[in-house]
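The values are calculated or read from the model by the stated rules, or taken from the named source; none is laboratory data. Keep in mind the model is a prediction, meaning the values are calculated, not measured. All Cβ positions, glycine included, derive from the backbone under ideal geometry; neighbour counts span all protein chains shown. The accessibility values were calculated without ligands, DNA or RNA, using every heavy atom of the protein model including side chains. Shrake-Rupley method; radii C 1.70, N 1.55, O 1.52, S 1.80 Å.
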Amino acid sequence: MGKLSARGAVVLERARTLGPLIAAAAEEIEASRDLPEPLFSALVEQDLFRLLQPLELGGAEIEPMDMVRFLEEIAMHDASTAWCLGQGNVCGTVTAYLAPEVAREIFPDARGIVAW
């Protein structure tokens, strides 16, 4: 794969740091079909649901291939967590097409997550 952008490298490092926490939650995720609150909170604290949103709206605005590398890293620990992050991030790309005030209303902070 190609070289990561600077922002992509930062995000990939966050994913690697959370790897053990994600792996430890994998069985609970499978059983409950939900992300446990401690894991969800850690993902939100690391701002991992706003990776594709524009910088001016508080997102990381990483490159698409950086996003693929990020999701691969997460999926090595738990595919369901990667799916949740993929859904939340891709759905968040709508912010680039909304008036900024509307985007900020729908996605006011790191817990503003939409998946459809």
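Provide the net charge surrounding Leu35, with neighbours chosen by a C-beta distance below 10 Å and charges set as Lys +1, Arg +1, Asp -1, Glu -1. Numbers along the way, then the final one.
Working: positive: Arg33; negative: Glu28, Asp34, Glu37, Asp78.
Local net charge: -3.
Using the beta-carbon distance between Ala96 and Glu27 and R0 = 35 Å, what value does 1/(1 + (r/R0)^6) give for FRET efficiency, to the nearest 0.05? List each step's numbers first, then the result.
On the way: r = 37 Å, r/R0 = 1.05.
After rounding, the FRET efficiency stands at 0.45.
With unit charges on the beta carbon (Lys/Arg positive, Asp/Glu negative), name the residue among Ser5, Ala42, Gly58 whose Cα is farthest towards the positive pole of the charge dipole of segment 1-60.
The one lying farthest along the dipole's positive direction is Ser5.
How high is the relative contact order of the chain? Use alpha-carbon pairs under 8 Å, at least six apart in sequence, and give a whole percent.
Answer for the chain is 30 percent.
Given a 1.4 angstrom probe, what's the average accessible area per residue across the chain, in square angstrom?
Values: 6490 Å² over 116 residues.
With all protein chains present, the chain gives 56 Å² per residue.
Return the calculated 222 nm mean residue ellipticity for the chain, to the nearest 500 deg cm²/dmol, obtained by summing -39500 (n - 2.57) across DSSP H runs with n ≥ 4 and dividing by the residue count.
Working: 5 runs with 71 residues, N = 116.
Value at 222 nm, helices only: -20000 deg cm²/dmol.
What angle do you read, to the nearest 10 degrees and between 0 and 90, between the alpha-carbon axis of helix 79-92 and the longest principal axis of the chain?
Orientation of helix 79-92: about 10 degrees from the principal axis.
Just need the Rg to Rh number for segment 2-101, please, alpha carbons only, Kirkwood Rh. Walk me through the numbers on the way to the answer.
Working: Rg = 13.4 Å, Rh = 13.7 Å.
Using Cα coordinates only, the ratio equals 0.98.
Of the heavy-atom accessible surface of the chain (probe 1.4 angstrom), what whole percent is carbon and sulfur? Numbers along the way, then the final one.
Values: 3710 of 6490 Å².
The C+S portion of the solvent-accessible surface of the chain is 57 percent.
Looking at segment 23-114, which trypsin sites (Lys or Arg not before Pro) are DSSP coil and have at most 16 other C-beta atoms within 10 Å of their C-beta?
Numbers: sites: Arg33, Arg50, Arg69, Arg104, Arg111; in loops: Arg33, Arg50, Arg111.
Sparse-neighbourhood loop trypsin sites (Lys or Arg not before Pro): Arg33, Arg111.
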